[in-house]
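Have a look at the structure below, then the notes.
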Amino acid sequence: MIDTLTAARAQMEVSLAFHMIFAALGIGMPLLMVLAEGLAIRTGREHYRELARKWAKATALTFAVGAVSGTALSFELGLLWPRFMAFSGGIIGSAFALEGYAFFIEAIFLGLYLYGWERLSPRAHLLCGVVVAFSGMVSGVLVVAANAWMQNPVGFELVGGRAVNVDPLAPFRSPAWFHMALHSTLSCYIATGFAAAGVYAVGMLRGRRDAYHRSGLTLALALATVTALLQPLSGDLSAKHVAEHQPAKLAAMEAHFHTEAGAPLIVGGLPDVETGTVRYAVRLPRMLSFLAHGDFDAEVQGLNDFPRELWPNVLIAHLAFQVMVGCGMALIGLGAWFWLARWRRREPGRWLLRAVVVGSPLGFVALQAGWIVTEVGRQPWVVYGVMRTRDGVTPVEGVPATLFGFSVLYLVLGVALAWLLRRLATGAPPSSSPTAATTQTGEEVAHAR
Amino acid sequence: MLVELVAGLALVALIAYAVLAGADFGGGIWDALARGPRRDAQREAIAKAMGPVWEANHVWLIFVIVLLFTGFPSAFAALSIALFTPFHLVLLGIILRGAAFVFRAYSPQSARSVRPGRGARRWGVVFGVASVITPVLLGMCLGAVSSGHVRVSGDGAVRFEGPLPWLSPLALAVGAFALAVCAYVAAVFLANETEGDLRADFRRRALWAGTGVVALSVLVLPLLRFDAAHLWSGLVSARAAPVLAVGVVAALVSGWGLWKHRLRLARTATVAQVACLLAGWGIAQHPYLIYPDVTLHGAAAPDATLRFVLWSTPFGMALLVPSLWFLFRVFKGPALGLADRDDDGSA
């Protein structure tokens with residue numbers, strides 16, 4: 001039987017990982033959808049409208065799952081971490097309250113968008129979509145402030161274990177907020193863009209090289225590539241901030257065991273906590289000092305500066321960080337390949353399309369890995385330097401049971417949703433793709449009302 | 001006063017959730033109970049009524065939770081410990097209800113007819129069952145909070161007096177009551193939003209559900225008297241009784257309106273009925289959040305936080321209210337859709 005702390009962390013992780021996929025799609029898909037609708041209005045070309053309608057359906061499915069799994073998270077904050085919430089609810093609440101408004105606006109205008117194709121003028125309909133895309137992005141930015149505060153708590157005084165002199169805007173004053181919000185927002189667009197591109201690459205590999213598929217691929221990759229190119233810049237901001245404010249986390253994610261000047265960047269490899277070494281790694285001399293502090297000779301704190309009990313899990317943090325960066329780099333390369341081919345006025349070749357298919361889940365892999373770095377790297381703290389995770393956990397027995405139940409629930413929902421999205425993805429609308437008409441089944445009319 | 005205002009805000013959000021999302025849960029109940037020659041048409045009318053608005057309606061619950069943990073963090077912690085199991089079951093219901101509703105809507109239709117396909121029918125069952133259990137569980141949680149059997153000590157430890165409070169007779173009765181209220185609100189709303197035979201179907205269902213509401217209130221009252229005397233005395237006190245009296249009058253008006261085919265009047269009165277009921281409960285609970293150990297003032301967040309919550313509300317509402325008005329005008333308004341055709345038909 002696993003203990004309550006492990007089970008609670010696992011349940012939080014399962015719930016967050018599940019929610020995060022839909023939260024990211026809820027931010028990314030509406031932008032794709034309004035881009036397509038905007039192009040439809042501007043050019044009058046029907047296949048853009050078909051794309052917008054298709055993406056709206058995907059948004060409808062994923063937004064609903066994101067909304068209910070997000071509700072679960074707001075309860076789980078208390079169900080799994082009541083002592084943490086008793087301590088910090090009054091501080092991080094402002095982030096959730098403002099996010100609540102943004103999310104409310106998103107839900108309202110999504111209802112208008114999804115069901116308003118015939119009831120609203122084209123311009124009003126597009127405007128509703130713009131509001132959905134904008135408020136979705138804003139709600140993500142606002143809620144990340146709560147996590148930023150947990151990483152870098154400010155705006156209160158600790159007196160006898162209670163927070164006093166609380167600044168209600170504390171989450172937004174956390175210096176971690178800006179770069180975390182930037183990094184996570186970009187990651188949502190990257191993950192959504194590459195995932196959507198994969199759908200159209202599959203279609204084109206099956207011979208459907210019509211305007212609908214080509215535009216779907218190009219639009220999705222345009223969003224994905226622009227954001228993927230910006231991501232290393234925001235990642236650099238993050239790294240420098242973490243180096244300054246959470247040195248133990250930086251040391252863990254870089255598997256940097258010993259404090260030294262001119263520290264090398266350790267790429268890949270398996271950290272061994274017992275011996276303080278990293279096997280099978282590539283070392284780039286002095287690069288870590290440069291990346292962390294902007295100076296090739298700067299001293300970078302290693303894990304040996306911290307008591308062992310305050311180390312995060314080095315293996316997980318380091319590997320997750322490598323996965324995130326690796327996926328990000330691969331995706332930048334993939335985007336560059338596509339636009340280079342396009343710039344040379346070449347039709348995307350089969351190998352390029354195959355690469356887009358293979359690369360389509362990597363954005364989500366990177367997003368999940370990045371959150372693992374953030375959260376595992378914060379351990380053993382729930383509020384960095386203030387409250388240990390084990391001191392925030394619920395005293396209720398039975399968390400292993402709810403962990404099991406929620407894991408099964410999310411697995412079933414994930415499989416069902418993947419199946420529905422696959423049905424949605426196969427078969428272009430007949431108007432733009434006569435060749436695909438034969439594969440079309442009833443799903444197009446399923447939601448005609 | 002600051003504390004009371006924030007608590008009042010949470011109560012208003014709870015009322016909005018009960019009326020709006022309650023109607024959506026009720027829609028699911030009538031989906032599960034759909035029968036007769038117009039079974040598919042009933043389900044379609046329910047899905048049509050819910051589709052554009054259910055997600056916005058659902059957000060009111062998130063507001064209640066956020067207001068609770070922002071304004072009263074230690075009470076939120078105590079409730080999360082005390083109601084660990086029913087809250088998890090509520091989440092199960094909420095997740096399954098929402099997911100099943102969209103999964104059904106986007107499932108392929110069966111190849112040969114306009115009937116929903118097999119996948120859609122299965123998700124329809126999940127949707128209906130989840131819509132039934134969720135309001136019952138929410139009602140049970142509400143009953144447990146008021147039961148007086150959840151004891152919270154100064155260090156935040158929680159213990160129960162007697163058996164599990166959310167399974168007490170009172171909590172079960174409140175759960176059943178919540179179910180009946182949701183079914184009633186939904187049927188009244190649906191009767192307003194349909195026409196012809198469907199309207200007759202939903203009006204008849206509203207009359208049945210209304211009878212259930214009355215019967216269950218008769219059951220709950222003695223239970224309150226003996227199982228939660230503090231709440232009973234709060235309800236009959238000079239503070240709460242006038243509000244509840246208005247609620248009873250509204251309930252009678254809504255029943256009369258239904259009977260006399262004055263459906264718009266019935267709808268307005270139903271909203272007033274639910275609002276007064278919950279407001280009366282909230283006033284009777286005052287000054288306790290969890291009787292008898294957790295008071296509003298004892299659990300309140302620092303003043304600065306409460307002030308932020310209050311000051312941000314007008315700005316948030318300035319965005320929300322026009323948006324909500326627009327949403328309901330487009331999909332439920334008299335100038336568009338079914339109600340429009342109905343007016344033409346009767347002219």
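The values are calculated or read from the model by the stated rules, or taken from the named source; none is laboratory data. As the structure is a prediction and not an experimental result, all values here were calculated from the model. Quick reminder, even Gly has a Cβ in these numbers, built from the backbone with ideal geometry, and neighbours come from all protein chains shown.
Here are some notes:
- Selection over region B:254-270 of residues that are in a helix (DSSP H, G or I) and without any contact (Cβ under 8 Å) to a residue 60 or more places away in the chain gives a count of 7.
- Flag if A:G385 is modelled with pLDDT under 95, closer than 22 Å to A:H245 by Cα and part of a helix (DSSP H, G or I): no
- Test: residue in region B:300-314 that is of a type in the set (D, E, K, R), surrounded by fewer than 19 Cβ atoms within 10 Å (Cβ to Cβ), at pLDDT 90 or above and part of a helix (DSSP H, G or I): yes
- Of all residues in region B:268-327 being β-branched (V, I, T) and under 21 Å from the mean Cα position of the chain (by Cα), the one that is nearest to the other protein chains (Cβ to nearest Cβ): B:V321
- Residue match in region B:283-298 (condition: part of a helix (DSSP H, G or I) and farther than 27 Å from B:V181 by Cβ): yes
- Candidates B:A75, B:A7 - the one that is within 30 Å of B:P287 (Cβ to Cβ), more than 10 Å from every other protein chain (Cβ to nearest Cβ) and modelled with pLDDT of 90 or more: B:A7
This table checks each residue for (1) in contact (Cβ under 8 Å) with a residue 40 or more places away in the chain; (2) of a type outside the set (V, I, T); (3) in contact with a Phe, Trp or Tyr (Cβ under 9 Å, 6 or more places away or on another chain); (4) surrounded by fewer than 17 Cβ atoms within 10 Å (Cβ to Cβ).
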position	(1), (2), (3), (4)
A:L233	no, yes, no, yes
A:P264	no, yes, no, no
A:G302	yes, yes, yes, no
A:L310	yes, yes, yes, yes
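- Those residues of region A:274-295 which are within 17 Å of A:A248 (Cα to Cα), in a strand (DSSP E or B) and out of contact with any His (no Cβ under 9 Å at 6 or more places or on another chain), in sequence order: A:T277
- Per the conditions (1) under 18 Å from the mean Cα position of the chain (by Cα); (2) away from chain A (no Cβ under 12 Å); (3) surrounded by 22 or more Cβ atoms within 10 Å (Cβ to Cβ); (4) closer than 22 Å to B:H58 by Cβ, the sole criterion not satisfied by B:A171 is (4).
- Across region A:76-83, a minimum of one residue is classified as hydrophobic (A, V, I, L, M, F, W, C), within 11 Å of another protein chain (Cβ to nearest Cβ) and not in a helix (DSSP H, G or I).
- Number of residues in region B:220-232 that are surrounded by 15 or more Cβ atoms within 10 Å (Cβ to Cβ) and outside any loop (DSSP other than H, G, I, E, B): the value is 7.
- Among the residues of region B:183-197, just one is on the phi < 0 side of the Ramachandran plot, surrounded by fewer than 19 Cβ atoms within 10 Å (Cβ to Cβ) and touching an Asp or Glu at 6+ places or on another chain (Cβ under 9 Å), namely B:E195.
- Residue in region A:431-438 that is polar (S, T, N, Q), crowded, with 18+ Cβ neighbours inside 10 Å and modelled with pLDDT under 90 present: yes
To keep it simple, each residue is scored yes or no on (1) part of a helix (DSSP H, G or I); (2) among the polar types (S, T, N, Q); (3) in contact (Cβ under 8 Å) with a residue 24 or more places away in the chain.
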site: B:V6; (1), (2), (3): yes, no, yes
site: B:A10; (1), (2), (3): yes, no, yes
site: B:A16; (1), (2), (3): yes, no, yes
site: B:L20; (1), (2), (3): yes, no, yes
site: B:F25; (1), (2), (3): yes, no, yes
site: B:W30; (1), (2), (3): yes, no, yes
site: B:P37; (1), (2), (3): no, no, no
site: B:E44; (1), (2), (3): yes, no, no
site: B:E55; (1), (2), (3): yes, no, yes
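- Residues that are assigned to a helix (DSSP H, G or I) and either touching a strand residue (DSSP E or B) at 6+ places or on another chain (Cβ under 6 Å) or at pLDDT 90 or above (or both), drawn from region B:146-168: B:P165, B:W166, B:L167
- Meets criteria (closer than 30 Å to B:L324 by Cα, more than 9 Å from chain B (Cβ to nearest Cβ), without any contact (Cβ under 8 Å) to a residue 60 or more places away in the chain and not hydrophobic (A, V, I, L, M, F, W, C)) for A:S174: no
- Qualifying positions in region A:115-136 - in contact (Cβ under 8 Å) with a residue 12 or more places away in the chain and either facing chain B (nearest Cβ under 7 Å) or under 26 Å from B:W311 (Cα atoms) (or both): A:G116, A:V131, A:V132, A:S135, A:G136
- A:V34 being within 8 Å of another protein chain (Cβ to nearest Cβ), modelled with pLDDT of 90 or more, in a helix (DSSP H, G or I) and under 25 Å from the mean Cα position of the chain (by Cα): no
- Hey, A:G70 free of Cβ contacts under 8 Å to residues at least 12 places away in the same chain, within 14 Å of chain B (Cβ to nearest Cβ) and part of a helix (DSSP H, G or I) or not: no
- Taking residues in region B:298-323 that are polar (S, T, N, Q), and partners anywhere that are assigned to a helix (DSSP H, G or I), the pairs with Cβ atoms closer than 6 Å and at least 6 places apart or on different chains are B:T305/A:G90; B:S323/A:I105; B:S323/A:I108.
- Taking the conditions (1) on the phi > 0 side of the Ramachandran plot; (2) surrounded by 23 or more Cβ atoms within 10 Å (Cβ to Cβ) in turn, A:G44 satisfies each one other than (2).
- For A:Y101: the one exception among (1) over 20 Å from B:G51 (Cβ atoms); (2) within 19 Å of the chain's Cα centre (by Cα); (3) at the interface with chain B (Cβ under 8 Å from one of its Cβ atoms); (4) without any contact (Cβ under 8 Å) to a residue 40 or more places away in the chain: (2)
- In region A:332-377, the residue that is surrounded by the most Cβ atoms within 10 Å (Cβ to Cβ) out of those that are touching a residue at least 24 places away in the same chain (Cβ under 8 Å) and assigned to a loop (DSSP other than H, G, I, E, B) is A:S360.
- From the options B:I94, B:I133, B:I81, B:I62, residue that is outside any strand (DSSP E or B), without any contact (Cβ under 8 Å) to a residue 12 or more places away in the chain and either more than 9 Å from chain A (Cβ to nearest Cβ) or of a type in the set (A, V, I, L, M) (or both): B:I62
- Selected residue (criterion: farthest from B:V152 (Cα to Cα)) from residues of region B:44-83 that are buried (at least 23 other Cβ atoms within 10 Å of the Cβ) and aromatic (F, W, Y): B:W54
- Residue check for A:V358: β-branched (V, I, T) and under 26 Å from A:L265 (Cα atoms): no
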